[in-house]
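A short reminder: the numbers here are calculations on the coordinates, not readings from a lab. In this text the structure is predicted, and so the values were computed from the model without any measurement. No Cβ is skipped: glycine too gets one built from the backbone with ideal geometry, and neighbour counts run over all protein chains shown.
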């Protein structure tokens, strides 16, 4: 297993468990986008600050730190390549207080490995203008989907280093859901509560499996071009989603979703149409995971700046997803012909209660997004 893929996957699921402690909430974030942004900070960390970051990001498994940064360089090049049939926009940038004199070696490495700039701003005397500048930059990078990333109280004259990370994804299904077949159906939020959702329907051939140890169905829905998949983990109705979240590790995730372990069969898929826009202030989350030094005035970022006392003031992550019926018409037309021939009873995959979903980059096995849909 590729050590960087393993590190990123482990961090992804650790983050899912930490962010998901409040079991009733929807979740949506991009672990790959986020770990690459933090790895950029790791590039300038030394001593205990670096050791804590390596531990939280699971990079201590990935050998030499130079290999880590080169690994991210090829991963980001692969995932953000042009000419794909999906739209993926990541915005990573470090904004530092200009009086901190950032080292040119650090700025060059950010550019080389992370396709990202380290930009110097005047937080001391122009905090508001700096905030507006950052928000404008993020909006441009994410096709206008993510605006006002930083709230008015997010930066002030004492701010000295802000890590900004935003991602926007839009992909069409390889096999489209027919809008005419979307109907309002109840979604069982819990044993005692139901809410209406617009439930999409599709009968077609998909890869699917059942994991007995967690009583969970797994369905793979490919996007056009088959470079990305959505993987949905749906526990049986009387199994709590928390059971799945507790059990899941990166090794198990890879094992459970191995293409050769899946059956390709005709299945009736019911999936709610949903939109999630989530905004996370990651400081407390990362501290609780064991990365507290980076946020303290005693942090060691001597690989970034010769000025002492530099520490991370703010880490924000915002993500947006829209899951709907759209796909390619060509695929829909061929699927319709098959449905006439198949009269046998198809298995059902009915996502009318809480489930986990992952968007995976097939070639690198990278988990681009993790989500939990538990309430419309």
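Please give the contour-minus-distance gain from residue 153 to residue 180: 0.36 nm per residue of separation, less the Cα-Cα distance, rounded to one decimal in nm.
Working: separation 27, 0.36 × 27 = 9.72 nm, distance 4.55 nm.
Difference between extended and current length: 5.2 nm.
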Sorted by Cβ density within 10 Å, fewest first, the residues 153, 255: 153, 255
Compute the helix-to-body angle for 127-141: its Cα long axis versus the longest principal axis of the chain, expressed 0 to 90° and rounded to tens. 40 degrees
Helix 31-42 vs. the chain, principal-axis angle (Cα, 0 to 90°, nearest 10): 10 degrees
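Given R₀ = 35 Å, FRET efficiency for residue 124-residue 17 by Cβ-Cβ distance, to 0.05? Don't jump to the answer; show the numbers that get you there.
On the way: r = 38 Å, r/R0 = 1.10.
The value I calculate is 0.35.
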Taking a label point 7 Å from the Cα of residue 73 along Cα-to-Cβ, the residues of region 352-374 whose backbone nitrogen sits under 20 Å from it are 364
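If you wrap a convex hull around the C-alpha atoms of region 1-71 and split its volume per residue, what is the figure in Å³? Don't jump to the answer; show the numbers that get you there.
Values: hull volume 6.2 nm³, N = 71.
Spelled out: Cα convex hull of region 1-71, divided by residues, is 87 Å³.
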What distance in nm separates the two pseudo spin-label positions at residue 101 and residue 194, each 7 Å out from Cα along the beta-carbon direction? 6.8 nm
Cα centroid of region 66-90 to Cα centroid of region 279-304, whole Å: 25 Å
Taking the 0 to 90 degree range and rounding to the nearest ten, how far is the long axis of helix 47-56 tilted relative to the main principal axis of the chain, both from C-alpha atoms? 10 degrees
Taking region 151-230 and dividing mean pair separation by its residue count, relative contact order in percent (alpha carbons under 8 Å, at least six apart): 26 percent
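Assuming R0 = 41 Å, what is the FRET efficiency of residue 25 and residue 133, from their Cβ-Cβ distance, to the nearest 0.05? Present the calculation step by step, with values, prior to reporting the outcome.
Details: r = 31 Å, r/R0 = 0.77.
Once the sixth-power term is evaluated, E becomes 0.85.
Under the rule a/c < 1.5 gives rounded, and otherwise a/b versus b/c splits prolate from oblate, where does region 1-123 land using the Cα gyration tensor? Please list the in-between numbers first.
On the way: a/c = 1.36, a/b = 1.27, b/c = 1.07.
Rounded.
How do 143, 278 line up, fewest other C-beta atoms within 10 Å first?
Numbers: 143 12, 278 17.
In order of increasing Cβ crowding within 10 Å: 143, 278.
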Quick one: check the C-alpha center-to-center distance for region 8-25 versus region 136-170, whole angstrom. 22 Å
Just want the ordering: 173, 256, from fewest to most Cβ atoms lying within 10 Å of their own Cβ. 256, 173
Using the basic label-point model (7 angstrom from Cα toward the beta carbon), what is the residue 254 to residue 307 distance in nanometres? 4.2 nm
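Which value in deg cm²/dmol, rounded to the nearest 500, describes the helix-derived mean residue ellipticity at 222 nm for the chain, given -39,500 (n - 2.57) per DSSP H run of n ≥ 4 and division by the residue count?
Values: 10 runs with 114 residues, N = 376.
Value at 222 nm, helices only, nearest 500: -9500 deg cm²/dmol.
State the extension gain, in nm to one decimal, for the chain segment bounded by residue 263 and residue 246, taking 0.36 nm per residue of separation less the distance between their alpha-carbons. Write out the running numbers ahead of the final one.
Working: separation 17, 0.36 × 17 = 6.12 nm, distance 2.54 nm.
Taking 0.36 nm per residue and subtracting the Cα distance, the gain is 3.6 nm.
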Which whole-number percent gives the relative contact order of the chain, counting Cα pairs below 8 Å spaced six or more residues apart? 27 percent
